[in-house]
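Where a number appears in this text, it was derived from the coordinates with a stated rule and is not lab data. Note that the coordinates shown come from a computational prediction; the quantities given were computed from them, not determined experimentally. Cβ atoms come from the backbone with ideal geometry, glycine included; neighbour counts cover every protein chain shown.
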Amino acid sequence: MSEMETYVIRFSIYAAVDGGLDGLARAIHVVRKAPVQFHDMAVIDSGETKEVSLRISGRKKDVEWLSKKLEKVVEVLEVKLQKIPTEIAVSSVQRA
Amino acid sequence: MLVSDALLTALEKEGLKIAFGIPGSANLGLYEKIPDHDVEVILMRHEQGAAHAADAFGRVKRKVPGVAFATSGPGATNLVTGLANAYMDSAPMIAITGQVPTVVMGRDAFQETDVVGVTMPITKHSMLVRKPEHVTWAIRAAKMIAVTNRPGPVLVDVPRDFWRVDIEFNWPSDEELLKEWIPGYRPDPPKPNPDALMKAAKLLVEAENPIILAGGGVWWSFATEEVLRLAEILMAPIVTTLMGKNAVPADHPLVLGNAGMHGRPEANYALYNADVVLAVGTRFSDRTVGNFEEFRRGKKIIHIDVDKSEIGKNIDPDVGIVGDAKEALKILINYIVDGLKFKRNEEVPLIRKAREFGQHAWELLLKERGRGMKPWKVLKIVREEMPRDAIVTTGVGGHQMWAALHYPVYTPGTYLTSGGLGTMGYGFPAAIGAKAAARDKPVLDIDGDGSFLMTSQNLATVKQYGLNVGVLVFDNGSLQLIRQWQDLFFSQRRVGENLAYLPDFVKLAESFGIEGVRPESYDEMRKAIRRVAQGEALVIDYIVDPDIMVLPMVAPGKVISPENLILTPEQAAGITV
């Protein structure tokens, strides 16, 4: 468990054609299959795109793999991965 | 122009002129207009068959995906297995489904299924056409996504009330499509990293016993020539995955055959004992290497793949190279030949050792056992009688593994099998799809009795359209691999493997107006295969002794190593899985 770390994956979904729900659902299908622990998710409407922020914990290798899988989703424009410092991750998980 | 005409025109413009399918209320508006277009629709007898036929069509054509039509609800869900199959094997195909009218969508209308939602995890992409004028954009996007980068299946769902809507025909350019419709999609693979390629070149040059593991990606990227050239420079063996069997000619002197759970002993020996493995276009399936960690031990791994999520997924490579295999191999060859001035003159020592190991293993494996005609001898006849470029498909089961072991593929692109999903019933409709893609070539489905029974209703399609394919049914009255696993690893408790009350396959064929034969000698078998080679539709019922196991094999979960090869049933004693 010591190698588990918490990350935020941010990605944009192109929503101009269909409103973005299909892209979001497709992305969630990818997350479901990844060997990571899901904490929470926020989606913000930004006009032509939906900005998704996903907080997960997992091994670095698995989280990076998930990021690469998300990049393959046709509606996904850009994926950014950010590690959360342990103290922030712990306190926010406890709060949740 | 009506939406139905627009969709069919889009198919014409994209060169998608053959579709396999079944009509239903939600796509009748599309079918209504087919006679006005240069699109041929082939009526399959189950939508699963339509999907497999489209998958196979795309495997043969590579840059022209096969197309499957289905109606909403059960028609669409019947495509699911075929879509998953194409997805697992990276085969390009497009499924076009009718959907219930928009006014009742989401209200559990008759024959309503959210097929876009259902197929999200098993397609490269799926989309509902939400506005009538989007239909041409959707078809253009589907074609681009299906065949570029890593290929795969795409589903387009069209509501029934759209078919007769009048729209202005719009034909977006590639640039418009990528900018306005699918801006997140990258049709071109990334350029391979030169530093990583140079590192790979040095590893290969310094290796004592390098090996090339060729996967299905070699076929998709047109990289056969580069793989052979590199092997010849390194004088290194080539082994393949099950999908890679379709990518390199088996009679090349450096090709040792397919590795894996039921791989050839010499191939498994070489792969396990190599010091540097160059893996090209493969996802390192558990069926290829067995236990990942054990396989990895003591080796340097170079992994080239167009899909960056495959690098490190199952095996952490020492060098990971993301990019098109053909392009990456060309640069790699250049670095080795011109940069490092390297050329080996003699085969690496591993080849001789692997062949010696293989020779010893085959002496045990090919001892006469069981009654009747032996599978390896029958497949030898098949190879001798079928032209080099004949297309062979398989179902899934014991016969598939026999074919993997004993049917050498001489011409890349002529061996279609369900590798990733392992779909029983794939072989026969795949043969029909392959025949539609290459009408000048003889096509033979090497199938099992259980597997063939799952999709044999498409015999009617063969007769109706003159898509003459042969079927060689390995008829042993059982689900052979299940029976084998139960005998070897599950206390010999045979449960649910007995295919009692099988039809008489000769009479079954005849009931569809196709001739069937049941050869009783190798000579009769040769004559029957020859008829298929000459283009006849023929079902050959080959009675096989169910007690002949498919060997060698490695127990599931064990690393694919020479020590773990089961060459005789007795060697499996005590193995738990």
| field | Rounded to 5, percent antiparallel among DSSP beta bridges of chain B | value | 5
| note | In Å³ per residue, the alpha-carbon convex hull of region A:5-95 encloses 83
| request: For B:K202, list the lysines whose Cα falls under 27 Å from its own Cα; do not include residues on the same chain fewer than 8 positions away. | output: A:K61, B:K191, B:K299, B:K300, B:K308, B:K313, B:K326, B:K330, B:K341, B:K343, B:K353
| note | The long-range amide H neighbours of B:T123, using H built 1.01 Å from N in the peptide plane and a cut-off of under 5 Å, are none
| chymotrypsin sites (Phe, Trp or Tyr not before Pro) restricted to DSSP loop in region B:487-577 with at most 15 other C-beta within 10 Å | B:F490, B:Y501
| request: Sticking with the crude label model, points 7 Å out along Cα→Cβ, report the distance from B:A460 to A:D40 in nm, one decimal please. | output: 5.7
| request: Could you list the GluC sites (Glu not before Pro) in region A:14-86 that lie in coil according to DSSP, counting only those with at most 15 other Cβ atoms within 10 Å of their Cβ? | output: A:E48
| What list of ³J(HN,Hα) couplings, whole Hz, do you get for region B:103-111 from phi and the Karplus terms 6.51, -1.76, 1.60, once you set θ to phi - 60° and write x for glycine and proline? | 5, 10, 4, x, 10, 6, 5, 4, 6
| said: What FRET efficiency comes out for B:V337 versus B:R388 if R0 is 35 angstrom and r is the Cβ-Cβ distance? Round to the nearest 0.05. | reply: 0.75
| query | Which loop-located chymotrypsin sites (Phe, Trp or Tyr not before Pro) does region B:54-153 contain, where loop means any DSSP state but H, G, I, E or B and the Cβ has at most 11 other Cβ atoms within 10 Å? | reply | B:F110
| If you take the beta carbon distance between B:D545 and B:V495 as r and set R0 to 22 Å, what does 1/(1 + (r/R0)^6) give as a FRET efficiency, to the nearest 0.05? | 0.60
| query | Can you give the % of DSSP beta bridges in the protein assembly as shown that are antiparallel, to the nearest 5? | reply | 30
| remark: Computed from the beta carbon distance with a Förster radius of 45 Å, FRET efficiency for B:E168 and B:T411 to the nearest 0.05 stands at 0.45
| task | Please work out, to two decimal places, the log10 of the ratio I(q)/I(0) at q = 0.08 Å⁻¹ from a Debye calculation in which every Cα of chain B carries one identical scatterer. | result | -0.55
| message | Neighbour counts of other C-beta atoms within 10 Å: give me B:L567, B:L28 arranged from fewest to most. | response | B:L28, B:L567
| query | Among rounded, prolate and oblate, which fits region B:10-114 when a ≥ b ≥ c are the square roots of the eigenvalues of its C-alpha gyration tensor, a/c under 1.5 means rounded, and a/b larger than b/c means prolate? | reply | oblate
| field | D_trans [Stokes-Einstein, Kirkwood Rh over alpha-carbon pairs] for the protein assembly as shown, 20 °C, 1.002 mPa s, µm² s⁻¹ | value | 82
| Any idea how far the Cα center of region B:398-425 sits from the one of region B:314-383, in Å? | 17
| request: Could you work out the Rg to Rh ratio of region B:56-108, with Rh taken as the Kirkwood radius (inverse of the mean 1/r over all Cα pairs)? | output: 1.09
| remark: With -39,500 (n - 2.57) per DSSP H segment of 4 or more residues and division by the full residue count of the protein assembly as shown, the 222 nm estimate, nearest 500 deg cm²/dmol, is -10500 deg cm²/dmol
| said: How much of the pair distance distribution for region B:449-567 lies past 18 Å, counting alpha-carbon pairs only, in percent? | reply: 59
| task | From the C-alpha gyration tensor of region B:102-206, pull out the three semi-axes of the equivalent ellipsoid (sqrt of 5λ each), sorted largest to smallest, in whole Å. | result | 39, 18, 8
| task | Return the whole-Å distance between the Cα centroid of region B:463-519 and the Cα centroid of region B:238-261. | result | 27
| query | According to a simple spin-label model (label point 7 Å from Cα along Cα-to-Cβ), what is the distance in nm between B:R439 and A:H29? | reply | 3.5
| message | Using 0.36 nm times the number of residues separating B:R130 and B:E515, minus their current alpha carbon distance, what extension gain do you get? | response | 133.8 nm
